[in-house]
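The values are calculated or read from the model by the stated rules, or taken from the named source; none is laboratory data. The model shown is predicted, which means the values in this text are computed figures rather than measured ones. Every residue, glycine as well, gets a Cβ built from its backbone with ideal geometry; the counts of neighbours run over all protein chains shown.
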Amino acid sequence: MNASEKKNRAAEVREFLSTRRARITPQQAGLPVYGGQRRVPGLRREEVALLAGMSVDYYVRLERGNLSGASDAVLEALAHALQLDEAERTHLYDLARASTVSGRRPTATMTQVRPTIMRLLDSMTDVPAYVRNRRFDVLTANALGRALYAPVFDSPLFAQRGPVNTARFLFLDPAAQNFWVDWDKGADDAVAFLRTEAGKAPHDKALTDLIGELTTKSEEFARRWARHDVKFHRSGLKRLRHPLVGELVLPYEAMELPADPGLRLNFYTPEPDSPEREALSLLASWAGPGAILPAASD
């Protein structure tokens with residue numbers, strides 16, 4: 001790890017720990033509060049040290065970005081004191097591993113999808129599905145997935161530059177605010193997902209470049225990136241506004257592909273006999289191989 005990388009890693013640790021500390025009040029931590037005005041919005045460093053069972057000097061060293069050599073017991077105590085959720089706790093461990101002398105070894109991000117996965121996607125004719133990597137590049141999608149995400153695939157952003165990337169679309173194409181019904185939540189989640197992936201793969205230059213591009217070009221992204229929020233992308237509801245079939249509320253699942261590091265299979269499974277199921281059936285009737293969707297009416 002060179003000096004620049006070491007400095008960047010320390011800054012990541014410092015900002016993550018300080019933002020987690022700032023959000024917890026003494027009352028939430030079960031600490032007594034005495035009179036007088038507090039100078040910090042959350043816990044003081046000495047209060048975190050007390051809760052974690054470590055010296056103030058040692059906690060200050062950790063928050064300054066030096067997680068090198070921190071044991072699992074120390075990290076667990078810190079996670080408990082700062083009331084970290086599962087994603088945050090995992091991110092703390094990722095930061096600690098990246099802070100070691102050797103650092104995290106580069107992890108290859110897949111850019112191709114194996115034929116067996118392609119055949120699986122093609123067999124999923126009644127649910128939208130696609131495969132993306134940790135950089136949010138959409139590597140492939142089935143016919144219904146392309147039809148559902150037509151505004152993304154048709155974005156001018158990708159006319160001269162590929163691959164299709166949902167994070168770039170979300171923050172750099174104004175059409176995204178119409179496609180994502182709850183754009184603010186989608187933006188919050190996307191940044192938290194990217195922060196999580198960056199913690200797992202700190203040496204992924206293309207991922208770092210994407211984050212730098214979005215930070216430079218989008219104030220909305222930069223503001224959210226500064227929060228240091230992290231989140232797992234596993235399941236939930238996504239609200240989309242499709243130009244042909246209108247507003248949809250779709251349950252989704254995001255599954256890692258263990259044989260393909262960094263790749264995820266995302267798919268949507270609406271309830272039977274729901275308006276969403278009917279809308280997807282309509283899209284499926286238009287979305288055969290090579291199909292061109294009818295133009296949206298004004």
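Among the residues of region 1-45, those identified as in a loop (DSSP other than H, G, I, E, B) and touching a helix residue (DSSP H, G or I) at 6+ places or on another chain (Cβ under 9 Å) are MET1, ILE24, GLY30, LEU31, PRO32, VAL33, ARG38, VAL40, PRO41, GLY42, LEU43, ARG44. All conditions in (1) under 28 Å from GLN83 (Cα atoms); (2) part of a helix (DSSP H, G or I) hold for ARG227, with the sole exception of (2). One residue stands out in region 69-89 among those that are of a type in the set (Asp, Glu) and either in a helix (DSSP H, G or I) or in contact with a helix residue (DSSP H, G or I) (Cβ under 6 Å, 6 or more places away or on another chain) (or both): the one that is surrounded by the most Cβ atoms within 10 Å (Cβ to Cβ), namely GLU88.
Can you find a residue in region 113-132 that is in a loop (DSSP other than H, G, I, E, B) and closer than 18 Å to PHE193 by Cβ? No, because not a single residue in region 113-132 is in a loop (DSSP other than H, G, I, E, B) and closer than 18 Å to PHE193 by Cβ. Of the numbered criteria (1) outside the structural domain of SER71 (by TED's automatic domain parsing); (2) within 21 Å of the chain's Cα centre (by Cα), the one ASP154 fails is (2). Annotation: of all residues in region 205-219 being in contact with a Leu (Cβ under 9 Å, 6 or more places away or on another chain) and of a type outside the set (A, V, I, L, M, F, W, C), the one that is surrounded by the fewest Cβ atoms within 10 Å (Cβ to Cβ) is LYS217. Filtered by the rule that a residue be over 25 Å from ARG89 (Cβ atoms) and either modelled with pLDDT under 95 or not in a helix (DSSP H, G or I) (or both), region 180-208 gives TRP180, VAL181, ASP182, LYS205, ALA206.
Of the listed requirements (1) in contact (Cβ under 8 Å) with a residue 60 or more places away in the chain; (2) crowded, with 21+ Cβ neighbours inside 10 Å, ALA187 misses just one: (1). Inspect region 20-38 for any residue being under 30 Å from THR208 (Cα atoms), surrounded by 13 or more Cβ atoms within 10 Å (Cβ to Cβ) and hydroxyl-bearing (Ser, Thr, Tyr) and give the result as yes or no. Within region 20-38, none of the residues are under 30 Å from THR208 (Cα atoms), surrounded by 13 or more Cβ atoms within 10 Å (Cβ to Cβ) and hydroxyl-bearing (Ser, Thr, Tyr). For region 94-139, filtered to residues that are among the hydroxyl-bearing types (Ser, Thr, Tyr), closer than 27 Å to ILE211 by Cβ and at pLDDT below 95, the residue that is surrounded by the fewest Cβ atoms within 10 Å (Cβ to Cβ) is SER102. When you scan region 45-59, do you find a residue that is hydroxyl-bearing (Ser, Thr, Tyr) and crowded, with 19+ Cβ neighbours inside 10 Å, even just one? Yes: region 45-59 contains one or more residues that are hydroxyl-bearing (Ser, Thr, Tyr) and crowded, with 19+ Cβ neighbours inside 10 Å.
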